[in-house]
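The values are calculated or read from the model by the stated rules, or taken from the named source; none is laboratory data. Just so you know, these numbers come straight off a predicted model, no measurement behind them. Because the Cβ atoms are built from the backbone with ideal geometry, glycine has one as well, and the counts that use them run over all protein chains shown. Please note that ligands, DNA and RNA were not included when accessible areas were found on the heavy atoms of the full protein model with its side chains. Shrake-Rupley method; radii C 1.70, N 1.55, O 1.52, S 1.80 Å.
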Amino acid sequence: MDNKAPVSSLKGVGKQAAETLRDMKIESLEDLIMTFPYRHEDFQLKDLAETPHNERVTVEGRVENEPSVLFLGKNKSRTTVTVLVGRHLVKAVFFNQHYVKAKLQIGAVVTLTGKWDRGRQLITVSSHSIGPRTGGADFEPVYSLKGSMHQKTFRKLMRQALDATKGELSDCLPASIREEYQLLPFEQALETVHFPEDASSLKQARRRFVYEELLQFQLKMQALRKKNREAEGGSFIDYDLNRLKKFIDDLPFDLTSAQKRVVNEICRDMKEPFRMNRLLQGDVGSGKTVVAAIALYAAVTAGKQGALMAPTEILAEQHANTLEEWFRPFGVSVALLTGSVKGKRRKEVLKRLVDGEIDILIGTHALIQPEVLFKSLGLVITDEQHRFGVDQRRVLKDKALNPDVLFMTATPIPRTLAISAFGEMDVSIIDEMPAGRKEIETYWMKKEMFGKIVGRMEKELLAGRQAYVIAPLIEESETLEYQNAVELYQQLTVYFEGRHTVGLMHGRLHPDEKEQTMREFAEGKIAVLVSTTVVEVGVNVPNASFMLIYDAERFGLSQLHQLRGRVGRGSDQSYCVLLADPKTEIGKERMNSMTETNDGFILAEKDLELRGPGDFFGRKQSGIPEFRMADLVHDYRALEAARKDAEALIASDSFWVSEETKCLRAMLEDSGILEGGRLD
């Protein structure tokens, strides 16, 4: 039967079943057979001595005593019986199944499936049968269903659909790839993923579909990247290498080898005739700003203008001051444009910009206003790119004829996610810290130590340094018993009265108030800044050497690391104290990880492992597709292989004409990337 045939052609699919299946986005036989189980029930008999605590287990045993039934209220009961399983006497507990008492005769053989409590030697039974286990599959698929559809019914429909389409299904993976990775043929893998004979064959079927999904996804990404490059042309930036080398040599410090590597990657892109679309990742303090400065200077030596967009006014000012200092000896004109630049001063900046008198414009989202026009914009750099919407970034890009684009972020993104969520970009990583930078000493302490910690903080304040105190909530909440910024601010104001000034910052303040508070802290007028996570990305205060994060268990690892990065920016030893009483193992693991490493990329990988890819970015804006089978955390090796293979396929001439890759080209056409077999 044709795999495009409607599911209503299967026996037992009436009007109601067809509607339920439609709700599950299943209308054809192909939709049905490509609906994979999310797990398999394992009915293989297990040895309890080798079964871990809390694992699901199937055992065979003999009833040793009369069952007891305890009624717990309306329609609720607990039936308990002792069963001899091998050498183990275990309790079997049945909830709300008092009727089983009559079947559980002393000496009867029973087969039980349920959760094994190793400590209490107890099985909470989910299914059972009287007599030894005979027949039936060792593995039964479990699907995510809707409405009145039952697992048993769905399995029968799946069996019918697989039988009906047998011999009719083509394999989309080229034979050369299947042979290279020893992957199962499509029909065999499909049969196995639904109805496996054993755990080993299921693993092989899963391996095949994981790779295929990731290859198709990466093919889309690489085709999109090729299409964007070729269709848009780009700004060929023919920079002056000698002037660029002189600028780098005159910097007040030496570049790290990682900085040199990414500078070479960026400069190579700028010389190419296509538009650069590169993501620059670097941990807090790794020196992304100097890489940006080198790229901007390269554009200037080619007679082009550069723009740098930052998420806050104070960060834009900070960039402007730093770049002005570095560029002054080279006669490069730098201007700042933020919401605070108004009236006559603003008009003057806009006129000088369009006349080409300004080489580099630095600002906030004010840069994307319609009246901001450049004479010859060649390079756009966006700092903390995730803080700007896609549309905001696009407007700045559109202010020139396809300028080169560099996105910078201090949020370490694990490589597996970077090549997935940013697959159409090139990714550069600064994975080395500048020499002489001291590691931040990090401690995890319990809440009862608060007084002692504040005393330690005052030692830093008395030495003329400053401190951050971070809280997860703004005001008191009835439902969450976590310390809040307002309460902490009040406590510390009283404690430090007459000795040190305390400031308060949170997201509900007016932007002008936030800017003012941050400015006073940066200028040293505020000694202790109590804040919510709004300081996560922000100003550079080298004098801040102490950070206290209250209720640290409320934050993800990457966020804790970003917050910690606010200190340790000067020459003094800096400290971060995590005040936390985590109740879960994951919470404790996070705290331990923070005390063990200062490497943001190691922590990002750990965070990904603990939280999963959707939670890492926030599901709605992650851009990460839902895969049927692949898991970006655990299948990262397959993802790397798929990306490498996709790059090679898209770059080869044979991919676009070969019969073997016809199915993959059809997939790209269906996604709208290809039109008539071409990228245009």
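State, to one decimal in nm, how far the label point of Glu55 lies from the label point of Lys156, with both points 7 Å from Cα in the Cβ direction.
Label-label distance for Glu55 and Lys156, simple model: 3.4 nm.
Assuming R0 = 35 Å, can you tell me the calculated FRET efficiency for the pair His510 and Thr595, based on Cβ-Cβ distance, to the nearest 0.05? List each step's numbers first, then the result.
On the way: r = 37 Å, r/R0 = 1.06.
In this case the efficiency is close to 0.40.
Please report the accessible area of Lys347 (heavy atoms, 1.4 Å probe, ligands and nucleic acids excluded) in Å², nearest 10.
150
On a 1.4 Å probe surface of the protein chains, which of Tyr489, Tyr99, Tyr143 comes out largest in accessible area, and what is the full order? Walk me through the numbers on the way to the answer.
Details: Tyr489 70, Tyr99 130, Tyr143 5 Å².
The residues order as Tyr99, Tyr489, Tyr143, largest area first.
Any idea of Thr312's accessible area? Nearest 10 Å², probe 1.4 Å.
Thr312 has an accessible surface of roughly 50 Å² with all protein chains in place.
Excluding same-chain residues fewer than 8 positions from Lys146, which lysines have a Cα within less than 21 Å of its Cα?
Here the lysines satisfying the reach criterion relative to Lys146 are Lys11, Lys15, Lys25, Lys156.
Per residue, how large is the accessible surface of the chain? Use a 1.4 angstrom probe and give square angstrom.
Numbers: 32600 Å² over 680 residues.
With the other protein chains kept in place, the chain gives 48 Å² per residue.
Sorted by accessible area with a 1.4 angstrom probe, largest first, how do Arg345, Arg22, Arg519 fall? Let's see the in-between values first.
Values: Arg345 140, Arg22 120, Arg519 65 Å².
Heavy-atom accessible area, descending, gives Arg345, Arg22, Arg519.
Measure off, as a whole percent, the carbon and sulfur share of the 1.4 Å-probe accessible area of the chain, all protein chains present. Mind dumping the intermediate values first?
Working: 15880 of 32600 Å².
Taking all protein chains in place, the chain shows 49 percent carbon and sulfur surface.
Tell me, what is a quarter of the convex hull surface for the C-alpha atoms of the chain, in nm² with one decimal? Before the final figure, lay out the partial values.
Details: hull surface 154.3 nm².
Orientation-averaged projected area of the Cα hull: 38.6 nm².
How much net charge surrounds Glu66 when only the other residues with a Cβ under 13 Å from the Cβ of Glu66 are counted, with Lys and Arg +1 and Asp and Glu -1?
Result for the local shell: +1.
So which cysteines in the chain don't have a second cysteine's C-beta under 4.7 Å from them?
So, Cys267, Cys576.
Bin width 10 Å, alpha-carbon pairs only: give the P(r) of region 158-225 as whole percents, running from 0 to the bin holding the largest distance.
Going out from 0 Å in 10 Å bins, region 158-225 shows 19, 45, 29, 6, 0 percent.
Which number do you get for Rg(Cα) / (2.2 N^0.38 Å) in region 1-121?
Details: Rg = 21.0 Å, N = 121, 2.2 N^0.38 = 13.6 Å.
Working it through for region 1-121, the quotient is 1.54.
Suppose accessible area is computed on protein heavy atoms with a 1.4 Å probe; arrange Met667, Met276 from highest to lowest. Don't skip to the end; give the middle numbers.
Numbers: Met667 25, Met276 0 Å².
In descending accessible area the options line up as Met667, Met276.
Once the whole set of protein chains is in place, how much accessible area is left on Phe407, using a 1.4 Å probe, in Å² to the nearest 10?
20
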